[in-house]
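Visitor: Below you will find the structure I want to go over with you.
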Amino acid sequence: LAKTTQPISMDSYEGQEVNITCSHNNIATNDYITWYQQFPSQGPRFIIQGYKTKVTNEVASLFIPADRKSSTLSLPRVSLSDTAVYYCLVVPGYSSASKIIFGSGTRLSIRP
Amino acid sequence: GAVVSQHPSWVICKSGTSVKIECRSLDFQATTMFWYRQFPKQSLMLMATSNEGSKATYEQGVEKDKFLINHASLTLSTLTVTSAHPEDSSFYICSANPGQDIETQYFGPGTRLLVL
């Protein structure tokens, strides 16, 4: 299982774009990059997932360079409600029974 | 997206008693579910993999006799914390994969356990 490294914490202000970068140097060919958001006392919520290049949904964008050794989660125009812990995960894509190992996550704080 | 529920959402018990936590996949079947534990200000720690119809697989350092896992159907896995002690107080979270996008796990809302 590939290990991920991301900043422990980040601060930003409402209305700003926030980019959280994650490194996963040992990512395997079959691995997907997935980001989750977790609020206090709640289970993690799926945000976005990608394999390569760029993926965009209604919540965020995910940028993955060609070597796939890193990825960047981009949150456009954040609000106070985006204050949460964000986890970058590398998930094996060959089995629904594949384990997910969580790293430390990034604690994002949004200020007015 | 797929929905995973947990029951109860919180539980308080006395030291020495056993507590059962249920994890259900509401709109899909899951042959595999996962159980995590999370302490305050820490990340999720994988405890075990629950396999329908067979024994669970425990991560290193997790006592299988203390944390009993039963996956009796394709929509239900249970975690029983036996002879609970205050150090077992934690936030327990389960997850499951619907199968269509095999890379995506969906998580339950979590169960807060407080052992007095």
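The values are calculated or read from the model by the stated rules, or taken from the named source; none is laboratory data. All values derive from a computational prediction rather than experimental measurement. Don't worry about glycine lacking a Cβ; one is built from the backbone with ideal geometry, like all the others, and counts go over all protein chains shown. For accessibility, only protein heavy atoms count, side chains too; no ligands or nucleic acids. Shrake-Rupley method; radii C 1.70, N 1.55, O 1.52, S 1.80 Å.
Visitor: (1) over 24 Å from residue B:29 (Cβ atoms); (2) out of contact with any helix residue (DSSP H, G or I) (no Cβ under 8 Å at 6 or more places or on another chain): which one isn't true of residue B:116, the others all being true?
Guide: (2)
Visitor: Now, a different point. In the stretch A:49-62, how many residues are buried (at least 18 other Cβ atoms within 10 Å of the Cβ), at pLDDT 95 or above and in a strand (DSSP E or B)?
Guide: Narrowing the stretch A:49-62 to residues buried (at least 18 other Cβ atoms within 10 Å of the Cβ): A:49-50, A:60, A:62.
When the remaining residues are screened for being at pLDDT 95 or above, the result is A:60, A:62.
Of the ones still in play, those that are also in a strand (DSSP E or B) are A:62.
Final tally of qualifying residues: 1.
Visitor: Starting from the stretch A:1-20, keep only residues that are more than 15 Å from residue A:106 (Cβ to Cβ), then list their pairs with residues that are charged (D, E, K, R) and surrounded by 12 or more Cβ atoms within 10 Å (Cβ to Cβ) whose Cβ atoms are within a distance under 7 Å, requiring at least 6 positions of separation or different chains.
Guide: If the second residue must be charged (D, E, K, R) and surrounded by 12 or more Cβ atoms within 10 Å (Cβ to Cβ), the pairs left are A:1/A:99; A:2/A:31.
Visitor: Restricting attention to the stretch A:21-46, report how many residues are β-branched (Val, Ile, Thr), open to solvent by 10 Å² or more (accessible area, probe 1.4 Å) and touching a residue at least 12 places away in the same chain (Cβ under 8 Å).
Guide: 2
Visitor: Please state which one of B:95, B:77, B:43, B:90 is crowded, with 19+ Cβ neighbours inside 10 Å, within 28 Å of residue A:106 (Cα to Cα), of a type in the set (Gly, Ala, Ser) and without any contact (Cβ under 8 Å) to a residue 60 or more places away in the chain.
Guide: B:90
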